[in-house]
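Worksheet: one structure, shown below.
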Amino acid sequence: MTSAKLRRAVLSVVFGVVMANPLFAMFEGSLLYFPSHLPAGSDLQEWAVEGKFMGYSHAVASPRMVWLMFHGNAGQASQRGYIRASLPVTDAVFIMEYPGYGKREGSPSMKSINTAATEAYAALVKLYPGVSIGVIGESLGSGPASFICSLSNPPGRLVLIVPFDNLLSVAKEHMGFLPVSWLMRDKWDNVAALSKYSGRVDIYGALEDTVIPFSHAKHLAESLPGAKFHEMKCGHNDWSARNLVRIDR
């Protein structure tokens, strides 16, 4: 067998193993996103813009500040009412539903989520003229939250909870035995997205995080001069039950 034929044979075997591995599906999106489609079952109100379902909200009369939240990769927006405990009672919060999650049509991807995030942010800017708007990103939601801060009219505040620096680096840490840079479709890079952002940034990293290890949140904070970094002694999903995030002004 010639060397060229040998290389082709080896590549064919490697490609076959990768394609047969269920982890390949994650890099195509079907295992990166874990949507649920349950009844809302929440004291949050449905949020719609011109008849289009956007997610859920907790509105207050004459809010001092309005928050747009992007949640993690599992479940649905109606389950994120816990964020209210982290906010001043004078603030309103709108939790965007990802395409393909809950009752929202579509399918999740970096492109579809970033597009939906842009629409949601524009809707709140229009709905609350003159009111300060902040963005909250939890876990996977740190991707679209950081993306919003790269727009020409970014929000004045950004809060990232158990975030990544860039999604590819997290995937490589967990699955370095695979050519993840080839396989991953959705590669949010929060360091790059926030490189020119001048608003206030608060980052909460979980010291016992095994999903997005603490080092990724710390690296993100170190890349942003002026960012305030908060260490939480908990795992990836424990912060809300233990009320470890307190968002002030």
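The values are calculated or read from the model by the stated rules, or taken from the named source; none is laboratory data. No experiment lies behind these values; they were computed from the predicted model shown. Cβ atoms come from the backbone with ideal geometry, glycine included; neighbour counts cover every protein chain shown.
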task = Taking the options Ala221, Ala192, name whichever one is among the small types (Gly, Ala, Ser), surrounded by 18 or more Cβ atoms within 10 Å (Cβ to Cβ) and either under 18 Å from the mean Cα position of the chain (by Cα) or farther than 25 Å from Met96 by Cα (or both).
result = Ala221
task = For the stretch 197-249, name all the residues that are within 15 Å of Val135 (Cα to Cα), β-branched (Val, Ile, Thr) and touching a Ser or Thr at 6+ places or on another chain (Cβ under 8 Å).
result = Val245, Ile247
ask   = Can you pull out the residues in the stretch 228-249 that are surrounded by 14 or more Cβ atoms within 10 Å (Cβ to Cβ) and either within 20 Å of Leu167 (Cα to Cα) or free of Cβ contacts under 8 Å to residues at least 12 places away in the same chain (or both)?
value = Phe229, Gly235, His236, Asn237
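So how many residues does the stretch 117-141 have that are small (Gly, Ala, Ser), within 19 Å of Glu46 (Cα to Cα) and in contact (Cβ under 8 Å) with a residue 40 or more places away in the chain?
First, pick out the residues of the stretch 117-141 that are small (Gly, Ala, Ser): 117, 120, 122-123, 130, 132, 134, 137, 139, 141.
Imposing the further condition that a residue be within 19 Å of Glu46 (Cα to Cα) reduces the set to 117, 120, 122-123.
After this cut, where a residue has to be in contact (Cβ under 8 Å) with a residue 40 or more places away in the chain as well, the list is 117, 120, 123.
Number satisfying all stated conditions: 3.
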message = Take Leu207 and tell me if it is free of Cβ contacts under 8 Å to residues at least 40 places away in the same chain, loosely packed, with under 14 Cβ neighbours inside 10 Å and in contact with a Phe, Trp or Tyr (Cβ under 6 Å, 6 or more places away or on another chain).
response = yes
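For the stretch 50-80, what are the residues that are polar (S, T, N, Q) and part of a helix (DSSP H, G or I)?
Looking only at the stretch 50-80, we keep the residues that are polar (S, T, N, Q), and these are 57, 62, 73, 76, 78-79.
Within the stretch 50-80, Ser78, Gln79 qualify.
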Lone unmet requirement of (1) within 30 Å of Val49 (Cα to Cα); (2) at pLDDT below 95; (3) of a type in the set (A, V, I, L, M, F, W, C) for Leu124 = (2)
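Name every residue in the stretch 187-209 that is assigned to a loop (DSSP other than H, G, I, E, B) and either out of contact with any helix residue (DSSP H, G or I) (no Cβ under 6 Å at 6 or more places or on another chain) or under 16 Å from Gly143 (Cβ atoms) (or both), in order of residue number. Spell out how you get there, then give the answer.
Narrowing the stretch 187-209 to residues assigned to a loop (DSSP other than H, G, I, E, B): 187-188, 194-199, 207-209.
Passing the criteria: Lys187, Trp188, Leu194, Ser195, Lys196, Tyr197, Ser198, Gly199, Glu208, Asp209.
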Residue among Val170, Val125, Val135 that is under 25 Å from Thr210 (Cα atoms) and in a helix (DSSP H, G or I) = Val170
message = Just to verify a result, which residue in the stretch 81-120, among those that are assigned to a helix (DSSP H, G or I) and farther than 18 Å from Asn190 by Cα, is farthest from the chain's Cα centre (by Cα)?
response = Ala85
message = Return the residues of the stretch 167-205 that are modelled with pLDDT under 95, of a type outside the set (Gly, Ala, Ser) and closer than 27 Å to Met232 by Cα; say none if nothing qualifies.
response = Leu167, Leu168, Val170, Lys172, Glu173, His174, Met175, Lys187
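Residue by residue, here is whether (1) acidic (Asp, Glu); (2) out of contact with any strand residue (DSSP E or B) (no Cβ under 8 Å at 6 or more places or on another chain) holds:
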{"position": "Tyr82", "(1), (2)": "no, yes"}
{"position": "Ser86", "(1), (2)": "no, yes"}
{"position": "Asp91", "(1), (2)": "yes, no"}
{"position": "Thr115", "(1), (2)": "no, yes"}
{"position": "Val125", "(1), (2)": "no, no"}
{"position": "Tyr128", "(1), (2)": "no, no"}
{"position": "Val131", "(1), (2)": "no, no"}
{"position": "Val159", "(1), (2)": "no, no"}
{"position": "Lys172", "(1), (2)": "no, yes"}
Selected residue [in a helix (DSSP H, G or I) and either at pLDDT 95 or above or farther than 28 Å from Gly235 by Cα (or both)] from Gly130, Gly141 = Gly141
key: Tally of residues being touching a residue at least 40 places away in the same chain (Cβ under 8 Å) and more than 14 Å from Pro35 (Cβ to Cβ) across the stretch 71-90   = 6
